[in-house]
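Here is the structure we will look at, set down as structure tokens.
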Amino acid sequence: STLDRSSAASDVYKRQMQITSVLAGFSLGQADILRRAMGKKKAKELDSMREAFIDGAKQKHGISPQLSSEIFALLQHFAGYGFNKSHSAAYALVAYQTAYLKAHWPAEFMAAFLTSVISDSEKLSWYISVCRSMGLKILPPDVNESGRSFSVNKDRVIRFGLAGVKNVGENAIGSILQARKDGPFKSLMDFCKRVDNRAVNKRMLENLIKCGAMDSFGYKRSELLAVAEQAMDMGSNYQKDYQSGQMGLFGDDSFADVNELKIPKLEEIPKRTILQYEKELIGFYVTGNPLDAYVGSLYYYTPLRKISDASEVLDGKYFSVAGIISDCRIRNTRQGDSMAILTLEDFNGKMEIVVFPKVYRDAARLLYQENAISVEGKLSIDERERKIQALKIKPLQEVPPDLHIKIMKKDENGIVQKGLKQIFESFPGDTPVYLHLVDSGKMIKVERCFWVDGKNAGVYQALDDLLGENWYLKA
């Protein structure tokens, strides 16, 4: 298990600390610095401790510099990647099995994977983005199709599980699945008549509507929410009468017919509110993303960095990301100055942003939930978390008016030309496209019929796949 591996690695590093302490006379503080350098694979920091290790081994035990150098080289080698053979053999087998399943049964494999992290919203959000990059579609929960966990329907599409909906408990899920054995629910009224009203309350019903679990009934979410309480009351009355043996005048239940629930025609809830409901109740956006309107800007205003790109090798370096503020906490320093701690999310993950007073004073007007910003600053990653100390914060602007594509190499076989044509035809829109041929220095404005939808993330992902990640040229 992950816990076992983490514990094993921790034990190994503790033994290494003891070795350096006993062998080279390192203090616990020095030994811990060495351990961190090995754990984070910081070659320069590790190398800087070589002389201290060699001198300490000679002074404490009279070990020759040649032998202590060889011992230190073993520590450096282990820092590259240390594993015992039995462990790596087991890893190889699991890697083969999972690769086979992912290649031949991708939807089922990822559905099982998502189920394993259903209670961890950050991991769930990340792996949902992985599914989308694999071309796998994920549908919101549905009372007529979802099981408890993620599943794959007859169209090979992953369906979100009911267990992932906030405040919908196990008793409610069991009641829904039991009632569904008699056939799919035909409407909201049918659902309220058949599902045990002691297991599903008004709040659960509203949450199911808000997250899209009742979209299959054919009504807008605003319309269903408007009659949710009435439907619950009618369903409850029906169940009481049914249990007491009191039926309609002619021995049927026509008095509680579906048609008795009059559903008004209303405007739909604003798109942004729908997305907020989805994020709040199931942990991710299903029908869209607030960042969709800024997808071109993510390329234009940031140096092709995603939050998920923040790896340990970039620790301490300048880093730039952009996204939506999902949480903002204002704090006061000991000196009484205001600062902020943000949670920033993009399509693939989230990160903590620390905004100290000097930067806060300039950017305070931008720091509120659901606002889109770009952040430049110093990246910090340790064993527990990753964050950026913000040096500059700017509003994330709408999509730039034009799309400039850099073509680095000669297209001798026409592969790039064909690929670009396919991308332009797949994502038609109103954003003008310019091709910059680096070898010849020429710039070509693409014909109007090949302009693209600059707000569609698929355009940028497709260009990444065709040209690599350095194709975007700022005009």
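Would you kindly give the portion of the calculated P(r) for region 277-404 that falls above 23 Å, as a percent of all Cα pairs?
Taking all Cα-Cα pairs of region 277-404, the fraction more than 23 Å apart is 32 percent.
Once Lys and Arg get +1 and Asp and Glu get -1 on their Cβ, which of Ala179, Phe109, Val375 lies farthest toward the positive end of the dipole of the chain?
It is Val375, whose Cα lies furthest towards the positive end.
Any of Lys154/Lys193; Lys166/Lys202; Lys44/Lys317 with alpha carbons more than 18 Å apart? Name them for me.
Lys154/Lys193
Taking the Cα centre as origin and putting +1 on Lys and Arg beta-carbons and -1 on Asp and Glu beta-carbons, what dipole magnitude results for the chain, to the nearest 20 debye?
1280
Calculate how large, on average over all directions, the projected area of the Cα convex hull of region 324-475 is; give the answer in nm² to one decimal.
Convex hull of Cα atoms, orientation-averaged projection: 11.7 nm².
Using +1 on the beta carbon of Lys and Arg, -1 on that of Asp and Glu, and nothing else charged, what's the dipole of region 172-216 about the Cα centre, debye to 20?
100
Return the calculated 222 nm mean residue ellipticity for the chain, to the nearest 500 deg cm²/dmol, obtained by summing -39500 (n - 2.57) across DSSP H runs with n ≥ 4 and dividing by the residue count.
Estimated from H runs of four or more residues: -14000 deg cm²/dmol.
Per residue, what accessible area does region 15-150 have, given a 1.4 Å probe and all protein chains present, in Å²?
Per-residue value: 59 Å².
Choose one of Leu225, Gln276, Val355: the residue whose Cα lies farthest towards the positive end of the charge dipole of the chain (beta-carbon charges +1 Lys, Arg; -1 Asp, Glu; about the Cα centre).
Of the listed residues, the answer is Val355.
Using a 1.4 Å probe over the heavy atoms of the protein chains, calculate the carbon and sulfur portion of the accessible area of region 92-196 as a whole percent.
Solvent-exposed carbon and sulfur of region 92-196 make up 55 percent of the total.
Select from Pro264, Leu403, Val452 the residue farthest towards the positive end of the dipole of the chain; place +1 on Cβ of Lys and Arg, -1 on Cβ of Asp and Glu, and compute about the Cα centre.
Sorting the options by dipole projection puts first Leu403.
Counting pairs of alpha carbon atoms under 8 Å apart in space and at least six apart in sequence, what relative contact order in percent does region 162-229 give?
Once normalised by length, the contact order is 33 percent.
Taking Cα pairs under 8 Å and at least six residues apart, what relative contact order does the chain come out at, in percent?
9
The values are calculated or read from the model by the stated rules, or taken from the named source; none is laboratory data. This is a predicted model, so every value here is computed, not measured. FYI the Cβ positions are ideal-geometry reconstructions off the backbone, even for glycines, and counts take in every protein chain you see. With ligands, DNA and RNA removed, areas are computed over all heavy atoms of the protein, side chains included. Shrake-Rupley method; radii C 1.70, N 1.55, O 1.52, S 1.80 Å.
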